[in-house]
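The values are calculated or read from the model by the stated rules, or taken from the named source; none is laboratory data. These numbers come from a predicted model, not from an experiment. When we count neighbours, we look across all protein chains shown, and the Cβ atoms used for this are built from the backbone with ideal geometry, even at glycine. All accessible areas refer to the heavy atoms of the entire protein, side chains included, with ligands and DNA or RNA removed. Shrake-Rupley method; radii C 1.70, N 1.55, O 1.52, S 1.80 Å.
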Amino acid sequence: MKRRKSREKALQVLYQADIAEIGIEKALENVFANESLDIRVKEFAERLALCTWKNRNEIDAYISKYSIGWKMERLANVDRNILRIAVCEMLYEPEIPYKVSIDEAVELAKKYSTEKAAAFVNGILDSVKRELEEGGEKEQL
């Protein structure tokens, strides 16, 4: 549950940085300003937000490849950032199984977007997962 809370906070940070076009540091500051979170929740949220933001061009390339007919800028901001977080985990968090990253992204989409978005997110991430498994990006348990 702590990791889910971290993912929600990372989503808030990325959403804010993306939509308000502010720096990631300012978005982190805004989101965590009046929060008294468990330090592990905060640390993982920050790590995820910073890694996702720093690597968003590479991450967006994976998402674009599989979001057939949808340009990145046309994706709903919340859906785009849910996808970014999950792909970031898949690429840069080797201890997290792909299935966990995908399931968590689907849950975030159900909570913060729509049922259709959850299916869309699942489909794109499943395609990314297949590509990464074929390329041997990281060993899965």
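The set of residues in the range 9-23 that are open to solvent by 20 Å² or more (accessible area, probe 1.4 Å) and either at pLDDT 95 or above or at negative phi (or both) comprises 12, 15, 16, 18, 19, 20, 22, 23.
Remark: pairs (first residue in the range 1-23, under 14 Å from residue 111 (Cβ atoms); second residue surrounded by fewer than 19 Cβ atoms within 10 Å (Cβ to Cβ) and aliphatic (A, V, I, L, M); Cβ separation under 8 Å; 6+ apart in sequence or on different chains) = 5/37; 9/37.
Test each condition in (1) among the aromatic types (Phe, Trp, Tyr); (2) out of contact with any Asp or Glu (no Cβ under 9 Å at 6 or more places or on another chain); (3) open to solvent by less than 20 Å² (accessible area, probe 1.4 Å) for residue 70 and report the one that comes out false. Failed condition: (3).
Whenever a residue of the range 68-85 is in a helix (DSSP H, G or I), its partners that are polar (S, T, N, Q) and surrounded by fewer than 20 Cβ atoms within 10 Å (Cβ to Cβ), lying with C-beta atoms within less than 7 angstrom and at least six residues away or across chains, give the pairs 72/64; 78/113; 79/113. Of all residues in the range 24-41, those satisfying the criterion of being surrounded by fewer than 19 Cβ atoms within 10 Å (Cβ to Cβ) and assigned to a helix (DSSP H, G or I) are 25, 26, 29, 30, 32, 39, 40.
Within the range 42-60, the residues that satisfy the criterion of being surrounded by 12 or more Cβ atoms within 10 Å (Cβ to Cβ) and within 20 Å of residue 127 (Cα to Cα) are 52, 55, 56, 58, 59, 60. When every residue of the range 111-119 is checked against the conditions, at least one turns out to be small (Gly, Ala, Ser), in contact with an Asp or Glu (Cβ under 7 Å, 6 or more places away or on another chain) and assigned to a helix (DSSP H, G or I). Being at pLDDT 95 or above, farther than 18 Å from residue 51 by Cα, open to solvent by 50 Å² or more (accessible area, probe 1.4 Å) and assigned to a helix (DSSP H, G or I) is a condition met by at least one residue of the range 88-99.
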